[in-house]
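Computed from the coordinates by the stated procedures, all read-outs in this text should not be read as laboratory data. The shown structure was predicted, so the numbers you read here are calculated from the model rather than taken from an experiment. Note: ideal-geometry Cβ built from the backbone for every residue, glycine included; neighbour counts use all protein chains shown.
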Amino acid sequence: MVPVMDSLFLQQVLNGLITGSVYSLIAIGLTMIFGVMKISNFAQGDYSMVGAYTAVFVMAWVGGWLGWIGSVVAAAAVVGLLGVVTERLVFRPLMTRWTDIDMIMVSIGLFILLDNLAQLFFGATPRMIGDPFGGVTVNLGVASTSLLRLFCFFFAGITIFCLELFLNRSRMGVAIRATSQNRFAAQLMGIDINQVYRITFGVGALLAGVGGVLYGTLFAIYPTMGALPTLKAFAVTILGGMGNVRGAIWGGLILGVAEALGGNYIAMEYKQAIGFFIIILVLLVKPSGLFGRKEGA
Amino acid sequence: MPSKEEKFMKKSVILLTALFLLVGLAVAGPASAADSIKIGILGPFTGSLAFNAGEMKKGMELALDEVNAKGGLFGQKVEVVYGDSECKPDKGLAAVKKLVTRDKVLVVGGGYCSSVNIAASEFCHYEKTPDVVAIAISPTITNRGYDYVFRTSPNSPMFLMGINKWLADVKKPKVVAFFMENSDYGRDGQKIWEAASKKIGAKVVANLYFEIGDTDFTTQISKLKELKPDVVFNIASTTEAALIQKQAKELDFVTQWIGVGGQFTQAYFKMTGPISQYAMGSSLEPTKAMKDPVTAAFVKAYQAKYPGSRPGIFSSQGFDNLKVILDAVKRAGKPGGDLAKDRAKIKTALTATDMKLSQGTIKFGKDGQVYTVLPSVVQVQLDKDCKPDTQIIYPPERAAAKYENPQPWSARTCK
Amino acid sequence: MLNIENLKVAYGKAVALHDVSMRVDRGELVTLLGSNGAGKSTLLKTISGVNRALEGRITWEGREIQNQPSHTIVNHGIIQVPEGRAVFPDLSVAENLRMGAFTRRDDDGVAKDLNEVFELFPRLKERRTQLAGTLSGGEAQMLAIARGLLSAPKLLMLDEPSLGLAPVVREAIYHVIQQIYQEKGITILLVEQNARWALKVATRAYILENGRVTMEDTGAALAANPDVQRAYLGH
């Protein structure tokens, strides 16, 4: 029996939504790249790691909330560019010839490479970014949180909103969606597939980079920090349906809240497992994911 | 005839492979030389504990430099082969197997993460290779009657002894909670503290676990906030402990945090800043024991080798660990080439260890555990510039500062 | 307008087209007949730049275009309406049409063409906001053709437009194709299973067998040929 209006319950929902919004952000990039290019990119969390380190450098230069917002913008630019570069140098040359498993191995290789490069250049010592809002806490009556956490949620929301605008309103955004639904037909419409790949990878990485700044500000920054977000992003993507952007948005929030509530009411030590348990349940009932289309439709 | 694209593909594959190799070499270090005294060192050199393992390694490199500067042992260079456990038992076991069977080291040292060392020491015992554990603190490691297994650091009951006494004499909490790593380190610590809490009549309101490498602790902290414990025993490693402090602030939660020790490193303070104020633990910080000439000499040598850095508990534990090993190898005599015999001789030499090192006197009990190194109770306190550092607050004869009661976040002046 | 000379295409080692030559002149409706696997779709894909030509030339208005990227081909005014409709199921009807005009920059022209397309296919106007995946087979085929028209093509290539449609719907599609050809004056290259109708409307027709052109003549002459009648008209 769950006491629905109890304040601990609402506190946990809030905690889950905030963490979940960051999961969503990182998962959207993964699901877009999968949708358009059918690549399971295991280096997605490492884009987040690079974004987080970008923030470390920007915030060493300009502190406070201004530096923080600046680092979100800088991370978007740096990691977006990194996405474009890795797509061109690593993934595209192999796309037409190699199998899916090969591509997974290549992305795992990229992930190991980025991890090791980060350890080489930045060292293994974890870092934390000081709270750009000076640790102000906000009491919402039934639940409380910090201004920083609210801003992270808000930034994730804004970024997702901008992405939705891009995908639904812009010519290139619609072309990305079209390509993920039928690559051949998209080609026949005169859509430059390579350009779509480039932009998808750039945008996907950019989202992971912004997510990485938020994740790094909420948690800690170290070379292997990308592994956990990658895992969560895969879980979210499977939950929401592979290649489905809306699915990734809702999937992230659902996973965040399920972990928080499951941890609180079932068992903390199984907090991580609860998320995966839900995924197994969803896959049993609806194998294409909560928001996925039926196969072969 | 290969197309342009194919050529490009081949080129990028070669380039990638080369990069992997390059990075691998940079991390792994130079290859081993022949005719040297080989010692295997296990540690989580990558992953979330990599920086602590790096501290241990820095201490060891200091000891290694000292011996090799004097021409090594028996005219041979001493060489250390590092094995990476990533703090995962399966990886650690694979690494120790490689050290013992492929690299044919005389003795295995280092070691960090209890779960890894419980497995690795068992393997060493059956392979009749001396295993001298440096940092892991679970009692299990030395209480199974394995005669090839030693430990140069205090075990968890020893780490907790001082704090238990302080709890009974000074703090006298009524409500306590446990918040710990889901590992042997966490579970063993929990058992000991739960017994101690019962003894002083404190009520245990929660046993909350988390996984190593977790980053989001808001669920657990929100629950703790609801339960309002006087003391939360937080058995965590550096990064997790720092994240917990940070998130406790974000959720406006105040309690007396007590950790095991080993979490208060320079990296920890760099991460938390003043947020970690009031947190407690037991520790063996060498820089807090400068009255001891041996410890002071270690700190000086360390700072000469690594200018601008301050040795922490892991550096000094690493230094002492390798020192003990080198001393035993030396006393066992020049290796004759029969690995089994050489290892047995070193094991026998280890039992007779009696050295004064940076952590104190090291002598092994019958079980291979050192009982002569005793940690003090420390609290994180701030100086006038809001810089955090640990101060010994207990036992009274060693105390350098007074216990401070945790204040609400709004009442704290250092942000 | 479109000239194909000695075209050879292969999938790995399997040769799909051997030495194919054909042409489509401005204002023609050319039909391409052939059994399954004869290479009709391969030919269209090669013209569209999706498949690579190993040998031979494709010229468009005098310029060589073989092996240009598919988006460049669309820019030349050559559009293909693929087999099996291949609309974008999770895009709305309007978004599908917008993708048809992907390469165009003249917004006014697109708006004008959109109106014309909606006159031709009033059903699509009603279902503008509906997802294309929810359309019936006939509606989806109409959408696919409409989407092709929005690229303002000079040459419209239709691959099996009546495949899998009910007879009544098929008649409607035939009617629309004739309308497009006669009223809009767009040159058409048609691949169609229903040889009887396809030969009747064609100015000229080619028969493709095992990757080779075996016959070429006016639609009427081929319809009267006894071999063609036996193989394709079911006499």
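Values computed for the structure shown
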read-out	value
Cα-Cα pairs of chain B separated by more than 39 Å (percent)	22 percent
The range B:156-186 and the range C:185-205: distance between their alpha carbon centers, rounded to Å	88 Å
When the protein assembly as shown is reduced to its Cα atoms, the Kirkwood hydrodynamic radius in Å	32.0 Å
Nitroxide proxy distance, nm - points 7 Å out along Cα→Cβ at B:Lys384 and C:Met215	10.7 nm
Taking the range A:24-237 and dividing mean pair separation by its residue count, relative contact order in percent (alpha carbons under 8 Å, at least six apart)	48 percent
Positive minus negative residues near A:Asn194 (Lys, Arg vs Asp, Glu; Cβ under 11 Å)	+1
For chain A, built as a Gaussian network whose Cα springs stay under 10 Å, the top-fluctuating residue of A:Gly275, A:Gly109, A:Gly67	A:Gly109
The range C:13-72: translational diffusion in µm²/s, Stokes-Einstein, Kirkwood Rh over Cα pairs, 20 °C, 1.002 mPa s	169 µm²/s
Positive-pole candidate from B:Thr351, A:Thr159, C:Ser70, dipole of the protein assembly as shown, charges at beta carbon	B:Thr351
Partnerless cysteines, meaning none of the other Cys C-beta atoms lie under 4.7 Å away, in chain B	B:Cys124
FRET efficiency for C:Lys184 and C:Asn36, using Cβ-Cβ distance with R0 set to 35 Å, rounded to 0.05	0.70
Proximal lysines relative to B:Lys345, as straight alpha-carbon distance under 16 Å, when same-chain residues fewer than 8 apart are discounted	B:Lys38, B:Lys104, B:Lys128, B:Lys330, B:Lys334
For C:Phe118, net neighbour charge (Lys/Arg +1, Asp/Glu -1) across residues whose Cβ lies under 10 Å away	-1
Angstrom value of the Kirkwood radius, inverse mean 1/r, which spans all Cα pairs in chain C	18.1 Å
Counting all C-alpha pairs of the range A:24-237, share separated by more than 24 Å (%)	42 percent
Taking the convex hull of Cα positions in the range B:283-415, its mean projected area over all directions (nm²)	11.4 nm²
Around B:Pro307: net Lys/Arg minus Asp/Glu count, Cβ-Cβ under 13 Å	+4
Distance histogram in 10 Å bins (all Cα pairs of the range B:259-325, percent per bin)	19, 49, 28, 4
Positive-end residue of B:Ala340, B:Gly365, B:Val324, charge dipole of the range B:282-388 with Cβ unit charges	B:Ala340
Calculated FRET efficiency for the pair B:Phe74/B:Lys198, C-beta based, R₀ 41 Å, to 0.05	0.15
Backbone N within the range C:20-43 under 20 Å of label point (7 Å from C:Asn6 Cα along the Cβ vector)	C:20-24, C:43
Distance between the range B:231-278 and the range B:39-66 - C-alpha centres, whole angstrom	24 Å
Value at 222 nm in deg cm²/dmol, rounded to 500, when DSSP H runs of n ≥ 4 in chain A each add -39,500 (n - 2.57)	-24500 deg cm²/dmol
FRET efficiency, C:Glu116 to C:Asn67 (Cβ-Cβ, R0 22 Å, nearest 0.05)	0.10
Structure-based [θ]222 nm, chain B - -39500 (n - 2.57) summed over DSSP H runs of at least 4, per residue, nearest 500	-13000 deg cm²/dmol
Separation in nanometres of the label points that stand 7 Å from Cα toward Cβ, at B:Asp103 and B:Ala399	4.5 nm
Cα centre as origin, Lys/Arg/Asp/Glu Cβ charges: chain C dipole, Debye	240 debye
Residue-averaged 222 nm ellipticity for chain C, from DSSP H runs of 4+ at -39500 (n - 2.57), nearest 500	-10500 deg cm²/dmol
